[in-house]
Amino acid sequence: MSWPLLNRRRLATLIASTGGAVLSGCDKITDNNKVARGVGTAEVLTRSAQRLILSPGQLAPEYNESDISKVFKPNGTTDPESDAYIALRDTGFKDWKLEVAGLVERPLTLSLDQLRALPSRTQITRHDCVEGWSCIGKWKGAKLGALLAEARLKSEARYIVFHCADSLGDADDGSDDYYESIGLADAFHPQTLLAYDMNDAPLDVAHGAPIRLRVERHLGYKQAKYVMKVEAVASLDRLHGGFGGYWEDRGYEWYGGI
Ligand SMILES: Nc1nc2c(c(=O)[nH]1)N[C@H]1C(S)=C(S)[C@@H](COP(=O)(O)O)O[C@H]1N2
Ligand SMILES: [Mo]
C-alpha cells in the first residue's frame with residue numbers, strides 16, 4: 001500500500017497540533033477500523049500520527065538482505081565540488097575529521113577510524129524521498145547517541161545540527177550550503193546513525209562519503225550526506241534561513257516524519 005506522504009503528514013501535524021484531547025478519538029478510529037477492515041487508510045493515518053506523538057522510541061521498520069534495492073538512486077548532490085572536499089576525497093578521506101562542537105562539554109575532532117571505534121548499529125531500512133521514490137539499503141554507522149554521550153551535551157542543547165560539505169547553488173557566502181537538524185529524541189534514537197558503510201562497503205561519494213546521517217523515521221531530505229560537523233544548539237534561529245535545514249529554509253516541513 002502506498003499513501004500520499006503529504007496527506008499522512010498533514011493529518012499527523014493536525015492531530016499533533018490539537019494536543020492530547022484528540023488521542024482518545026484516534027484510538028476509537030483504530031478500533032472502528034479493526035471492525036470495518038475495508039477502511040484501511042484511516043488506520044494507517046492514525047498509526048502514523050500516534051507514532052509521532054506517543055512513541056518517540058519506536059523503531060522504523062527494518063528489512064531483509066533480500067529486500068535491498070539493486071540500485072539505490074543517488075539524489076541531490078552526488079559529488080561535492082568544493083576544493084576542500086575534493087582534496088579529502090582524492091586522498092581516500094584519510095585526513096577527514098568530524099568536528100563535534102557547539103553546546104557540548106567536550107568538543108571532539110574524530111577521524112574515520114575513531115568514528116568506527118564507537119558503538120555501532122547495522123540496519124536495513126527504506127529511504128523515502130518526497131519526489132516519490134523509495135529505496136532499501138543497509139547502513140552501518142556510529143550511533144549518534146554514543147557520540148553525543150562522549151561529547152556530553154550541555155543542558156541548554158535542544159537540537160543537533162549537521163553541516164555538510166556540499167552546496168546546492170552558486171552562492172559563495174555559504175547560504176546554499178546543505179545542512180540539517182533534528183531534535184534530541186531523534187538524536188538519541190537507537191536507529192540514528194552517522195553511517196560510514198552502505199550495503200557492506202564504505203559509503204561511496206554519491207551517497208555521502210565519508211559519512212551521512214541516517215534518521216530512519218524521517219524523509220529523504222533529513223538524511224544529510226557529506227557531514228563534516230555536528231553542532232549542538234539551543235535554537236535554530238540563527239542558522240542560515242532559520243528553519244533548520246537547506247530544504248526547510250525553502251519551504252519543506254522541519255520534522256519530515258514518515
Ligand atoms: N549534503 C546533502 N545531503 C542530502 C542531499 C543533498 O543534496 N546534500 N539531498 C537529500 C535528499 S532530498 C535525499 S532524497 C537524500 C538522497 O540520498 P541518496 O543520494 O543516498 O539517495 O539525501 C538527502 N541528503
Ligand atoms: Mo529527497
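The values are calculated or read from the model by the stated rules, or taken from the named source; none is laboratory data. On a predicted model such as this, the values are computed, not experimentally measured, just so you know. As a convention, Cβ positions derive from the backbone with ideal geometry for all residues, glycine included, and neighbour counts pool all protein chains shown. Note: areas computed on protein heavy atoms with side chains; ligands, DNA, RNA excluded. Shrake-Rupley method; radii C 1.70, N 1.55, O 1.52, S 1.80 Å.
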*So what is the relative contact order of the stretch 121-167, in percent, for Cα pairs below 8 Å that sit 6 or more residues apart?*
29
*If we sort 207-219, 177-189 on the protection proxy, mean other Cβ atoms within 10 Å, highest first, what's the order?*
207-219, 177-189
*Using the Cβ atoms and a cut-off under 10 Å, what net charge is assigned to the surroundings of residue 120, where Lys and Arg are +1 and Asp and Glu are -1?*
+3
*Residues of the stretch 58-250: accessible area per residue at 1.4 Å, in Å²?*
45
_Ordering 152, 121, 126 by accessible area with a probe of 1.4 Å, largest first, what comes out?_
152, 126, 121
*Gained length - residue 250 relative to residue 71, 0.36 nm times residue gap less alpha-carbon distance*: 61.6 nm
*Along Cα→Cβ, 7 Å out, is where each label goes; now give me the distance between the ones at residue 234 and residue 105 in nm to one decimal.*
1.8
*Each label point is 7 Å from the Cα along the Cα-to-Cβ direction; what then is the distance between the points at residue 134 and residue 185, in nm?*
2.2
*At a 1.4 Å probe radius, carbon and sulfur cover how many percent of the accessible area of the stretch 58-250?*
48
*Net charge of Cβ neighbours under 12 Å - reference residue 110; Lys, Arg +1; Asp, Glu -1*: +1
*the stretch 58-250: relative contact order as a whole-number percent, Cα under 8 Å and 6+ apart*: 25
_Spin-label model distance (nm) - residue 154 vs residue 82, 7 Å beyond Cα toward Cβ_ = 2.4
*Would you mind checking 97/225; 154/225; 97/154; 70/229 for any pair whose Cα atoms are more than 19 angstrom apart?*
154/225; 97/154; 70/229
*Shape category assigned to the stretch 58-250 from the gyration tensor of Cα positions, a/c cut at 1.5*: rounded
*Of 65, 231, which has the most accessible area and how do the rest follow, probe 1.4 Å?*
65, 231
